[in-house]
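The values are calculated or read from the model by the stated rules, or taken from the named source; none is laboratory data. Nothing here was measured: the structure is a model prediction, and the numbers come from that model. Every residue, glycine as well, gets a Cβ built from its backbone with ideal geometry; the counts of neighbours run over all protein chains shown. The protein model used for the area step is the full one, side chains on, heavy atoms only, and it has no ligands, DNA or RNA in it. Shrake-Rupley method; radii C 1.70, N 1.55, O 1.52, S 1.80 Å.
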Amino acid sequence: MAALVVVMLLAWFNGRTKAVASAGAHPSTLHSLPGYSGTYLAIWSVLPAFILLALFGLFGDLLLNLQIRHSLPADIRALPAEQVELFMRNARALAFGGTASETSAALQEAARAYASLSRTSNFVVIGAVILLTIGGFLFARGRIGKNFRARNHVEAVIFGVLVVCSAIAILTTLGIVLSLLTESLRFFSEINTLDFLFGLKWSPQTALRADQVGQSGSFGAVPLFAGTFLITFIAMVVAAPVGLYSAIYLSEYAKPATRRIVKPILEILAGVPTVVYGFFALLTIGPFIRHAAEAVGLSAQTQSALSAGLVMGIMIIPFVSSLSDDVINAVPQALRDGSYAMGATQAETVRNVVFPAALPGIMGALLLAISRAIGETMIVVMAAGQSANLTANPLEPVTTVTVQIVTLLTGDQEFDSAKTLSAFALGLVLFIITLGLNIISLRVVRKYRERYD
Amino acid sequence: MDTSVSPATQTTDTQTAQQAPKVQARKVNVFYGNKQALFDVNLDIPDRSVTSFIGPSGCGKSTFLRCINRMNDTIDICRVEGDILLDGKDVYARDVDPVILRASVGMVFQKPNPFPKSIFDNVAYGPRIHGLASNPEELSEIVETSLRRAGLWTEVADRLDEPGTGLSGGQQQRLVIARAIAVRPEVILMDEPCSALDPIATARIEELIDDLRNNYCIIMVTHSMAQAARVSQHTAFFHLGKLVEAGPTEQIFTNPNDKRTQDYITGRFG
Ligand SMILES: Nc1ncnc2c1ncn2[C@@H]1O[C@H](COP(=O)(O)OP(=O)(O)O)[C@@H](O)[C@H]1O
Ligand SMILES: [Mg+2]
């Protein structure tokens with residue numbers, strides 16, 4: 001790696017010097033700035049070798065493995081797949097100085113083959129890298145000259161790099177979705193999809209031993225989603241009006257000095273760790289709600305959807321207000337002036353001109369807040385509990401999808417039981433829901449945008 | 001109020017010359033913070049004619065224009081001293097609500113600023129907030145009349161529910177003029193209404209201004225000498241926050257009293 005960097009620097013200076021030299025006494029007659037020639041040379045010296053190294057790093061082991069496997073004696077190849085796998089693992093361990101779980105003559109033999117093959121392949125690759133570096137260097141150096149369009153070539157490479165980077169982001173997302181999908185499919189092969197989506201009972205404990213009773217394991221996800229939506233709804237009831245009105249106050253009514261003080265304070269709310277909100281909900285809001293409910297003759301528990309929703313609402317106020325404030329500020333002053341010049345009051349101007357103009361952005365802010373609320377876990381664990389009640393009563397404890405995913409995966413569990421797999425299924429459904437939400441919001445925003453600009 | 005001036009009656013130019021001025025400025029001083037932008041401006045502006053303000057950038061033309069409909073009130077640091085009389089009544093008097101004043105003194109800005117609403121809603125905006133129409137038919141009628149007066153009706157009659165922001169620059173500026181007309185103002189202020197438009201759109205707006213002159217008192221800021229000469233009957237020349245000279249356009253352009261006016265209109269400074 002370090003060697004490659006050195007080569008790169010050398011190539012850059014060399015390319016630059018050669019380009020300058022080729023122009024003779026008139027550097028300005030060069031097609032491209034000398035720096036581009038240097039970069040071009042550096043790229044050609046390093047990039048092909050680097051790609052080879054990367055490929056070897058990614059697929060070298062695989063090839064090696066296949067090669068050894070083919071050369072194994074017939075009796076071992078005839079073994080069941082897991083045992084061949086185990087054999088290979090032991091061979092690797094022996095070859096590279098690990099500890100193997102058993103030893104035998106065949107194993108020793110395979111390990112030796114493994115080690116020598118690995119050594120030769122390393123030599124071959126290093127040789128190839130050196131050859132490629134020199135070859136690339138000479139090739140590119142030969143092309144550099146007065147009229148050579150180094151700038152265009154370099155820009156083509158930069159373009160390629162940009163494409164590769166965005167491809168990485170997309171491929172990672174695809175990979176995550178695919179793994180969610182495959183694990184979910186495994187879950188759905190054990191549990192009926194309809195039972196999962198529409199079942200009303202959630203109790204994921206499956207029987208570990210056949211004689212255990214009462215642990216049938218039922219995976220009806222409805223209570224979880226109901227809990228998620230209940231809490232999100234309560235949170236938005238709090239955050240949407242408060243956030244919006246404070247945004248309007250900040251951007252339209254507050255004096256610049258007030259705004260300079262109030263806005264950062266609101267944004268501090270966003271920096272409070274969610275755990276802190278959680279115990280605030282558990283220790284302050286929860287008991288308060290219980291007492292208040294008892295005072296009017298209702299029964300309530302300390303852990304309730306209401307306290308989680310309220311606190312979550314407070315948590316997302318700054319999201320709504322800060323984003324909406326930016327959006328409202330971006331509404332051109334000319335529109336406000338136009339409205340004032342028509343004899344509109346400030347309130348009329350805000351309601352009829354500023355707000356509609358900012359609406360697409362405000363929708364975006366609200367949807368972002370919703371997805372934040374749906375994904376929030378910590379507050380719910382602490383404030384709303386973990387019992388999967390199917391209820392619309394905000395005074396009862398409920399649980400949410402994300403909370404269940406956490407509890408499902410943090411136990412000591414075999415990784416392919418229905419219980420852990422159900423976490424993937426929940427994740428998948430959650431993903432589909434937020435994806436749908438985003439698509440809808442984009443549609444809405446685009447519709448307004450078409451109407452408004 | 002001067003009852004002899006009602007917007008419905010048509011008058012000829014010769015008559016307007018003798019009428020009482022529509023807008024009068026008396027010793028107007030304007031400050032932005034500590035910086036004085038206008039110094040002792042005294043000016044009479046007649047009704048039913050076009051008055052243009054000319055002068056180099058930053059000389060206070062827009063500032064003075066914004067005094068007339070009290071748009072300067074929306075700027076925190078801006079302070080206005082002196083009197084602006086509309087039909088003999090001080091617009092800065094304590095009992096005058098700037099919101100109501102602005103309904104009778106409309107304003108058109110340099111850059112067309114239609115609201116992000118449909119063409120219809122743009123024009124209906126003022127009538128709606130001032131309750132000028134008692135039913136939807138009346139509102140449609142106001143919208144149609146205003147658009148006709150602004151010379152835009154034939155171009156947009158079949159697409160009133162499309163966004164006003166989708167029109168061309170020149171159409172947008174006429175839409176904004178229609179929007180201003182819809183609240184039946186007596187005075188229309190225009191701050192460089194053509195400077196963001198191409199020559200053809202400019203010509204259309206100039207024609208329109210010439211039409212509107214029969215019914216309104218129009219006050220226009222312009223950077224184009226030629227435009228001032230073409231469309232205005234009266235011209236006021238500002239320089240460094242002072243009103244240097246005002247009078248009939250012809251006289252200002254052919255026979256100015258002040259050397260600075262002479263220099264400016266002959267392009268010796270800009
Ligand atoms: N909002 C404002 N805040 C501070 N100063 C201003 C503001 N608007 C205008 N000014 C100042 O007032 C003076 C006159 O400006 P303006 O009336 O816009 O000139 P004009 O329209 O003739 O180009 C300028 O010096 C300008 O810098
Ligand atoms: Mg100006």
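Restricting attention to segment B:51-71, which residues are open to solvent by 10 Å² or more (accessible area, probe 1.4 Å), within 11 Å of chain A (Cβ to nearest Cβ) and within 16 Å of ligand 2 (Cβ to nearest atom)?
Of everything in segment B:51-71, just one residue is open to solvent by 10 Å² or more (accessible area, probe 1.4 Å), within 11 Å of chain A (Cβ to nearest Cβ) and within 16 Å of ligand 2 (Cβ to nearest atom), namely B:Arg66.
Mind checking whether some residue in segment B:77-88 is more than 30 Å from B:Thr249 (Cα to Cα), within 16 Å of ligand 1 (Cβ to nearest atom), touching a residue at least 24 places away in the same chain (Cβ under 8 Å) and part of a strand (DSSP E or B)?
Yes.
A quick yes/no check of all residues on (1) more than 9 Å from chain A (Cβ to nearest Cβ); (2) at pLDDT below 95:
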residue	(1), (2)
B:Gly131	yes, yes
B:Ser134	yes, yes
B:Val143	yes, no
B:Arg148	yes, yes
B:Thr165	no, yes
B:Ile181	yes, yes
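Based on what the data block shows, is B:Thr74 within 16 Å of ligand 2 (Cβ to nearest atom) and modelled with pLDDT of 95 or more? Outline the logic, then answer.
On the way: within 16 Å of ligand 2 (Cβ to nearest atom): yes; modelled with pLDDT of 95 or more: no.
Spelling it out, it is not the case that B:Thr74 is within 16 Å of ligand 2 (Cβ to nearest atom) and modelled with pLDDT of 95 or more.
Looking at segment A:78-100, which of its residues are open to solvent by 90 Å² or more (accessible area, probe 1.4 Å) and either of a type in the set (Asp, Glu) or touching a residue at least 12 places away in the same chain (Cβ under 8 Å) (or both)? Show your work before the answer.
First, the residues of segment A:78-100 that are open to solvent by 90 Å² or more (accessible area, probe 1.4 Å): A:82-83, A:89, A:96, A:99.
Within segment A:78-100, A:Glu82, A:Phe96 qualify.
So which residues in segment B:56-69 are within 6 Å of ligand 1 (Cβ to nearest atom) and over 17 Å from B:Gly106 (Cα atoms)? Reasoning before the result, please.
Residues of segment B:56-69 within 6 Å of ligand 1 (Cβ to nearest atom): B:57-63.
Scanning segment B:56-69 gives B:Ser57, B:Gly58, B:Cys59, B:Gly60.
If only one of B:Pro199, B:Pro193, B:Pro256 is closer than 28 Å to B:Lys35 by Cβ and of a type outside the set (Val, Ile, Thr), which one is it?
Working: B:Pro199 fails: closer than 28 Å to B:Lys35 by Cβ; B:Pro256 fails: closer than 28 Å to B:Lys35 by Cβ.
Only one candidate passes the filter, namely B:Pro193.
Just to check your reading of the model, which residue among B:Arg66, B:Arg94 is of a type in the set (D, E, K, R) and closer than 30 Å to B:Leu197 by Cα? Quick ask: steps written out before the conclusion?
On the way: B:Arg94 fails: closer than 30 Å to B:Leu197 by Cα.
Matching residue, one of B:Arg66, B:Arg94: B:Arg66.
Any idea which of A:Val177, A:Val163 is touching a Phe, Trp or Tyr at 6+ places or on another chain (Cβ under 9 Å), assigned to a helix (DSSP H, G or I) and among the aliphatic types (A, V, I, L, M)? Step through it out loud before you land on a result.
Numbers: A:Val163 fails: touching a Phe, Trp or Tyr at 6+ places or on another chain (Cβ under 9 Å).
Being touching a Phe, Trp or Tyr at 6+ places or on another chain (Cβ under 9 Å), assigned to a helix (DSSP H, G or I) and among the aliphatic types (A, V, I, L, M) holds for just one of A:Val177, A:Val163, which is A:Val177.
Examine segment A:55-77 for a residue that is among the basic types (Lys, Arg) and open to solvent by 60 Å² or more (accessible area, probe 1.4 Å), and state whether such a residue exists.
First, pick out the residues of segment A:55-77 that are among the basic types (Lys, Arg): A:69, A:77.
From the residues that got through so far, the ones that are open to solvent by 60 Å² or more (accessible area, probe 1.4 Å) too are A:69, A:77.
Yes: one or more hits.
Out of all the residues in segment B:21-36, which are surrounded by 14 or more Cβ atoms within 10 Å (Cβ to Cβ) and either among the small types (Gly, Ala, Ser) or in a strand (DSSP E or B) (or both)? Working first, answer last.
Looking only at segment B:21-36, we keep the residues that are surrounded by 14 or more Cβ atoms within 10 Å (Cβ to Cβ), and these are B:21-26, B:28-32, B:36.
Within segment B:21-36, B:Val23, B:Gln24, B:Ala25, B:Arg26, B:Val28, B:Asn29, B:Val30, B:Phe31, B:Tyr32, B:Gln36 meet the criteria.
Just one of B:Val183, B:Val244 is away from ligand 2 (no atom under 16 Å from the Cβ) and either over 25 Å from A:Ser339 (Cα atoms) or open to solvent by less than 10 Å² (accessible area, probe 1.4 Å) (or both); which is it? Give the derivation first.
Values: B:Val183 fails: either over 25 Å from A:Ser339 (Cα atoms) or open to solvent by less than 10 Å² (accessible area, probe 1.4 Å) (or both).
The conditions single out B:Val244.
Mind checking which residues of segment B:194-224 are away from every other protein chain (no Cβ under 13 Å), assigned to a loop (DSSP other than H, G, I, E, B) and within 16 Å of ligand 1 (Cβ to nearest atom)? Spell out how you get there, then give the answer.
Within segment B:194-224, the subset away from every other protein chain (no Cβ under 13 Å) is B:194-195, B:197-224.
Of the ones still in play, those that are also assigned to a loop (DSSP other than H, G, I, E, B) are B:194-195, B:197-198, B:213-216, B:222-224.
Residues satisfying the conditions are B:Cys194, B:Ser195, B:Thr222, B:His223, B:Ser224.
Could you list, in sequence order, all residues of segment B:119-152 that are under 24 Å from the mean Cα position of the chain (by Cα) and of a type in the set (S, T, N, Q)?
Within segment B:119-152, B:Asn122, B:Thr145, B:Ser146 qualify.
Could you tell me how many of the residues in segment B:55-93 are touching a Cys at 6+ places or on another chain (Cβ under 7 Å) and among the polar types (S, T, N, Q)? Write out each step before concluding.
Taking segment B:55-93 as the starting set, the residues that turn out to be touching a Cys at 6+ places or on another chain (Cβ under 7 Å) are B:72, B:80, B:84.
From the residues that got through so far, the ones that are among the polar types (S, T, N, Q) too are B:72.
Total meeting the criteria: 1.
Can B:Gln172 be described as away from ligand 2 (no atom under 16 Å from the Cβ) and in a helix (DSSP H, G or I)?
On the way: away from ligand 2 (no atom under 16 Å from the Cβ): yes; in a helix (DSSP H, G or I): yes.
It is true that B:Gln172 is away from ligand 2 (no atom under 16 Å from the Cβ) and in a helix (DSSP H, G or I).
Can you name every residue in segment B:103-123 that is within 11 Å of chain A (Cβ to nearest Cβ) and assigned to a helix (DSSP H, G or I)? Can you show your working first?
If we filter segment B:103-123 for residues that are within 11 Å of chain A (Cβ to nearest Cβ), which is where we start, we get B:103-118, B:121-123.
Answer for segment B:103-123, where residues must be within 11 Å of chain A (Cβ to nearest Cβ) and assigned to a helix (DSSP H, G or I): B:Ala103, B:Ser104, B:Asp121, B:Asn122, B:Val123.
When you scan segment B:37-55, how many residues do you find that are within 11 Å of ligand 1 (Cβ to nearest atom) and either part of a strand (DSSP E or B) or closer than 21 Å to B:Val91 by Cα (or both)? Before you say what the answer is, go through the steps one by one.
If we filter segment B:37-55 for residues that are within 11 Å of ligand 1 (Cβ to nearest atom), which is where we start, we get B:37-38, B:53-55.
Cutting the leftovers down to either part of a strand (DSSP E or B) or closer than 21 Å to B:Val91 by Cα (or both) gives us B:37-38, B:53-54.
Number satisfying all stated conditions: 4.
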